[in-house]
Amino acid sequence: MGDFVKNMDGTSGRKCVCTTGTKTWLAHWERGTGMTLPDKCCAKGCGNVVEVGAHVREDDGDKRTPWIIPFCQYHNKRPSSESIELKWGVTLCGAAKVDCS
Ligand SMILES: [Zn+2]
Ligand SMILES: [Zn+2]
């Protein structure tokens, strides 16, 4: 079973403050994980292409910690009350200011 996350509300104003590279959350995810972006959305069973780095929190654990996950627009727009199961083995990237490099 994959991890479950929920979208975070009110994150549209949050900006990546990395000092190098593109200031998008998808580029931030690549920098932070050292991985290449997946082609497809990280939500389980979703075949849509990756469009955004979505701000999510984990269903388990510290719910205040923001993470970035590559999602399609459909999954980026799920209400924050809805649990979204992730594909197995996908990697979350920290999205707090201290996670910007
Ligand atoms: Zn999706
Ligand atoms: Zn950043």
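Placing +1 on each Lys and Arg Cβ and -1 on each Asp and Glu Cβ, with no other charges, gives the chain a dipole about its Cα centre of roughly 320 debye. Charge tally for Cys46 (other residues, Cβ to Cβ under 12 Å; Lys, Arg +1; Asp, Glu -1): +1.
Average accessible surface for the chain: 57 Å² per residue, computed with a 1.4 Å probe over protein heavy atoms with every protein chain in place.
Subtracting the Cα-Cα distance of Ala96 and Ala27 from 0.36 nm times their residue separation leaves 23.4 nm of extension gain.
Taking N as the residue count of segment 4-99, its C-alpha radius of gyration divided by 2.2 N^0.38 Å amounts to 0.98. A simple packing score, the average count of other Cβ atoms within 10 Å per residue, orders the peptides 80-91, 35-46 as 35-46, 80-91, with the highest score first.
The values are calculated or read from the model by the stated rules, or taken from the named source; none is laboratory data. On a predicted model such as this, the values are computed, not experimentally measured, just so you know. Ideal geometry is used to build each Cβ from the backbone, glycine not excepted, and the neighbour counts take in all protein chains shown. Please note that ligands, DNA and RNA were not included when accessible areas were found on the heavy atoms of the full protein model with its side chains. Shrake-Rupley method; radii C 1.70, N 1.55, O 1.52, S 1.80 Å.
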